Amino acid sequence: MGEHRHVWRIVLRNFINSLKPRQIQGKNIGKDYIGNVYYEIPADPSKGKRKPSRWYDPPKGLDFQDPLPAEWEAWLRMRRMEPPTEEEIAKNLAIAEMKKVNAAKIEKQRLLDGGSLPEPVEKGHESFPTYSEFTPGDPTNKYRN
């Protein structure tokens, strides 16, 4: 009597094993300035796995609410093969800060030169163009039945 005779035992064992949490062991790749930790399971063509699995764990209490840094998102979505380096991330953060400072300087100079704040965009039916040949709702319209 082989194992093939005990089909219900096999089904029950597989069902119980399916309820147990899987222990996924990924390689810790890095951490960003927000506190997200990034993991990867490399591709293994011998097992039929052609692409690596990549994911991240956010810090406690954030639950995937913050946007990801562009370098790490590109790595997660397989648009880049190598994870970003600390130097690359620091350089991109410095560029972003420099752009904020420069934008504030330009805005301050524009206001000093007599410029005004941008006007809010007018919204509603009054913002649409009107044409003299089209008079909707006109009771004297000869084409109205």
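The values are calculated or read from the model by the stated rules, or taken from the named source; none is laboratory data. Model, not experiment: these values are computed from the prediction. Here Cβ is always computed from backbone atoms with ideal geometry, including for glycine, and neighbour counts include all displayed protein chains. Note: areas computed on protein heavy atoms with side chains; ligands, DNA, RNA excluded. Shrake-Rupley method; radii C 1.70, N 1.55, O 1.52, S 1.80 Å.
Points to keep in mind about this one:
- Estimated FRET transfer efficiency (A43, R9; beta-carbon r; R0 30 Å; 0.05): 0.25
- Inter-site label distance for S53 and I16 at 7 Å from Cα along Cβ, in nm: 2.4
- Mean-square fluctuations from a GNM of the chain, with a 10 angstrom spring cutoff on Cα atoms, peak among K108, K123, K47 at K123.
- Value of [θ]222 nm, deg cm²/dmol, for the chain, DSSP H segments ≥ 4, -39500 (n - 2.57) each, nearest 500: -10500 deg cm²/dmol
- Taking each of K31/K91; K31/K100; K31/K60 in turn, the alpha-carbon distance tops 22 angstrom for K31/K100.
- Count Lys and Arg as plus one, Asp and Glu as minus one, and take only other residues whose Cβ is under 10 Å from that of T85; the net charge is then -4.
- Mean-square fluctuations from a GNM of the chain, with a 10 angstrom spring cutoff on Cα atoms, peak among N14, N102, N36 at N14.
- Partner aspartates and glutamates whose Cα lies under 14 Å from the Cα of K105, excluding those fewer than 8 positions away in the same chain, are identified as E97, D113.
- Pairwise Cα separations in the chain fall into 10 Å bins from 0 onward with the following percentages, short to long: 8, 17, 16, 15, 14, 12, 10, 6, 2, 0.
- Of the residues F15, N28, L112, the one whose Cα sits farthest towards the positive end of the charge dipole of the chain is F15 (charges of +1 on Lys and Arg Cβ, -1 on Asp and Glu Cβ, taken about the Cα centre).
- Surface share of carbon and sulfur [accessible, 1.4 angstrom probe, percent] for the stretch 1-73: 55
- Point-charge dipole on Cβ atoms (K/R +1, D/E -1) for the chain, about Cα centre, debye to 20: 1180
- Chymotrypsin sites (Phe, Trp or Tyr not before Pro) within the stretch 56-106: DSSP coil, no more than 11 neighbouring Cβ in 10 Å: F64
- Sequence ranges 89-101, 110-122, ranked by mean other-Cβ count within 10 angstrom, highest first: 89-101, 110-122
- Only aspartates and glutamates eight or more places from K51 in sequence, or on another chain, were considered; those with a Cα closer than 14 Å are E40, E82.
- Net charge of neighbours whose Cβ lies under 14 Å from the Cβ of P118, counting Lys and Arg as +1 and Asp and Glu as -1: -2
- Applying the criteria of a DSSP loop state and at most 14 other Cβ atoms within 10 Å to the chymotrypsin sites (Phe, Trp or Tyr not before Pro) of the stretch 3-36 yields Y33.
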